[in-house]
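Only the coordinates and a few stated rules stand behind these numbers; no lab work does. In this text the structure is predicted, and so the values were computed from the model without any measurement. Positions of Cβ are backbone-derived with ideal geometry, glycine not excepted, and every protein chain shown enters the neighbour counts.
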């Protein structure tokens, strides 16, 4: 084969190869253009356009009088892109920025200078400078040297994040709901979780086109969806009563060095919860809203259950109030187990046994009447629905345990033990619901935490009182039980609570807890309680106070530990707001709330020349408006604003700080 022929063959091979490559390229282009064109165009569009979500504003939670319990505000993280800043700007302005940051946050300039230089040398584009700033601090940092040049020239990165604020601090925080998942707006407990479907609203979206690194601009989009803000929840909580209950409980917990405690105040006729305080002790000995003990903690109630046991036997005509029972000298064996009283009462009436809270008296009455037919007695608890949950909107309700024959917890000793509140479990709110029914002439109503849902000045949903049992017992039995509860305060275990100025009816309770543990004899633990209602003759409110593990060195009986809290609450409510026979529930949106919201909207849309008049406003609304105007706000007190300094109308340029005085 000559050289010419060989060269020609090589040419043909190379040509064929090039032809194959060209054909493959043409095939690929045809495939991209016509076969998979839509797919690739979609990918390209996604790189340059996006449907950016628009978060809906979460609704507010208000007390019954319009005070703000929870609202959403923005907090800000400030970061620094050390790459996008030019060398000239970094060298000339970085020292000034370090000094400004140091002065503002109370650190040395060298501290921030070191951070900034390391970020620059390391090519960091996301260096944190400050976290969790309020609006006023955010504006101040944004105006500092270098950062005031903006994102591209100054490396400023601002990350706003919604946070939930509680203007009243820790008061009712657990009821409102303060525990969330990693997403700060995903609530798992309290009213926030129970009414999340109303509060969260509906997110919108807007089509935006990428015009530069990290920057997007809106484009026309017929399918654009505006966000719908969440609805507002108006609770049944009365801020004044909540404040009274919170501080009365706190003072007693601190004095008795107790582990935790709870207070619930319920409006008799409607079941509206006017106050719910839950306080647990930290390792440092301070107290905070740790868990919702009133709703979630089932425990042996002790002597507050004696009223229920007594009422069931009375209604069944198995006993009568004048019946004599022998309590002996303070101890009596039941089926091989000893039951004791604090002292012997001898032979007393059944009514007197409840007045002095005799364990032996109640155990003897119930055991003698029902040891052959316990179901007769137990059926009353089923009829009164004490053996099932209340079905509250709030999650985590503790399940009551009332054993029956044939179950694992049933024995011969079960009946006498249950007669004085052991061998069964109920939550404080479940116990209170029964006492509230006594106060409500036998009508048992379901506890409720929310009065209505509103949006744009319209009532979306109104919650009315819900009757669980229209008549739990006869008027005769009801009168007898209520008479004994009054006598408990005037001449029984609760006589220290008696006041000639206002009447109380109720039952003291003292129960052992953790008595099954080996160290109980050396370290005795008790649960103290008091459940009742006031005024005794025309009840307006029912209330329960439960305190766990008070220091036995200071006292542990219900009359000493929890009774004074009940009395303090009743006395304060009685003094601050004279009780009336009629209960007036406001209908529709709150007029003062509507007017205030309109003022807030107007000020935020039209920047005023002077400091706005926020007197009479809720604290959180005042904070939102003033901080949005770039003012530093100092707050003294909480609740409604009663005074402010400087005076309304002062030119904004003449002041940078406003002091608010709350009620």
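Miscellaneous remarks
- Here the range 540-554 is scanned for amide nitrogen atoms under 18 Å from the site 7 Å beyond the Cα of residue 499 along Cα-to-Cβ, giving 540-545.
- Prolate/oblate/rounded call for the range 434-529, Cα gyration tensor, a/c under 1.5 rounded: oblate
- For the range 372-525: rounded, prolate or oblate by the Cα gyration tensor [a/c cutoff 1.5]: prolate
- Span from the the range 378-455 Cα centroid across to the the range 556-572 one, whole angstrom: 23 Å
- Estimated inter-spin distance, residue 83 and residue 228, nm [label 7 Å along Cα→Cβ]: 4.3 nm
- For the listed peptides 229-236, 339-346, 429-436, 279-286, a ranking on the average number of other beta carbons within 10 Å per residue, highest first, reads 429-436, 229-236, 339-346, 279-286.
- The simple Förster model, with R0 at 60 Å and r as the Cβ-Cβ distance, assigns residue 537 and residue 96 a FRET efficiency of 0.20.
- Exposure proxy order (Cβ contacts within 10 Å, fewest to most) of 420, 111: 111, 420
- Inter-centroid distance (Cα atoms) of the range 239-309 relative to the range 95-149, Å: 46 Å
- Model label sites at residue 108 and residue 74, defined 7 Å from Cα along the beta-carbon direction, differ in position by 3.6 nm.
- Between residue 372 and residue 657, the contour length at 0.36 nm per residue exceeds the Cα-Cα span by 94.9 nm.
- Simple spin-label estimate for residue 382 and residue 466 in nanometres, 7 Å along Cα-Cβ: 2.3 nm
- The range 467-515 shape via C-alpha gyration tensor axes, a/c threshold 1.5: oblate
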